[in-house]
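These notes concern the structure reproduced below.
The values are calculated or read from the model by the stated rules, or taken from the named source; none is laboratory data. For clarity, every value in this text was computed on a predicted model and none was experimentally measured. All Cβ positions, even for glycine, are placed from backbone atoms using ideal geometry, and neighbour counts span all protein chains on display.
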Amino acid sequence: MKNLTFETALEKLETIIKELENGETPLEDAIKKYTEAMNLVKLCEEKLDKATKQVNKIVNEDGSVKDFKETEEKE
């Protein structure tokens, strides 16, 4: 499951949600689907966190990379 892209994981999650919302899924299957959905949520959160960390990097003029920190402007 770790090899899934964010988009694929999200699509699978949406499919599971629709299946569970229709109310026709037997209890045993619903529990399995719920567990799979929670694993997909965790995977998506990890991928979003990783992407956020990558986006929040600044490349300096000398090519070094540092974390972006928002500074408050003093008026």
If you check every pair at least six apart or on different chains, which have Cβ atoms under 6 Å apart with a residue in segment 13-30 that is within 21 Å of Glu45 (Cβ to Cβ) first and a residue that is in a loop (DSSP other than H, G, I, E, B) and among the aromatic types (Phe, Trp, Tyr) second? none
Given (1) at pLDDT below 95; (2) at negative phi, identify the lone condition not met by Ala9. (1)
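Quick grid of which residues meet (1) under 21 Å from the mean Cα position of the chain (by Cα); (2) surrounded by 10 or more Cβ atoms within 10 Å (Cβ to Cβ); (3) modelled with pLDDT under 80:
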| residue | (1), (2), (3) |
| --- | --- |
| Ala30 | no, yes, no |
| Met38 | yes, yes, no |
| Cys44 | yes, yes, no |
| Lys50 | yes, yes, no |
| Ser64 | no, no, yes |
| Thr71 | no, no, yes |
Are any of the residues in segment 2-12 assigned to a loop (DSSP other than H, G, I, E, B) and surrounded by 14 or more Cβ atoms within 10 Å (Cβ to Cβ)? yes
